[in-house]
Amino acid sequence: MPHTHKTSFKEPYLNCSIDCGNGRATIPCSLLEISESQAVIELSTPTEVPDQFVLLLTKNGHVARKCKIVQRSNLKIIARILALISAANPVNDAVLVN
């Protein structure tokens, strides 16, 4: 079984946001944990997030992940990472994750 690197933060990583698409404003969020295949995200207030979204890992959006929600509660989202997105590889040409 291949080893999946997982990063957990002692303090939430706060410079993230969720891009829901359709011209909506991004939603600020905290990243609690991330691996190659999954992200655990915390919202500061209950907010409607679509089943698929782009998680922006930098303020300028040059590093991002296309995600699909697998579990959600009031403030916490667990999402499967579908694709890696970077400035050199924009959303339309995202690299799919198996």
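The values are calculated or read from the model by the stated rules, or taken from the named source; none is laboratory data. Bear in mind the structure is a predicted one, so any value in this text is a computation, not a measurement. Counting neighbours? That spans all protein chains shown, and the Cβs are built from the backbone with ideal geometry, glycine included.
Miscellaneous remarks
- Where a residue in the stretch 71-86 is more than 14 Å from residue 18 (Cα to Cα) and its partner, wherever it lies, is part of a strand (DSSP E or B) and acidic (Asp, Glu), with Cβ under 6 Å and at least six apart: none
- Residue 31 vs. criteria modelled with pLDDT under 95 and not in a loop (DSSP other than H, G, I, E, B): yes
- Test: residue 44 is at pLDDT below 95, within 13 Å of residue 17 (Cβ to Cβ) and not charged (D, E, K, R): yes
- Condition check for residue 69: surrounded by 18 or more Cβ atoms within 10 Å (Cβ to Cβ) and either touching a Ser or Thr at 6+ places or on another chain (Cβ under 6 Å) or not basic (Lys, Arg) (or both): no
- Within the stretch 15-62, considering residues that are within 11 Å of residue 77 (Cβ to Cβ) and charged (D, E, K, R), the one surrounded by the fewest Cβ atoms within 10 Å (Cβ to Cβ): 51
- Long-range neighbours under 9 Å by Cβ, at least six apart or interchain, first residue under 13 Å from residue 22 (Cβ atoms) within the stretch 50-62, second modelled with pLDDT under 95 and surrounded by fewer than 12 Cβ atoms within 10 Å (Cβ to Cβ): 50/21; 50/22; 52/21; 53/21; 54/21
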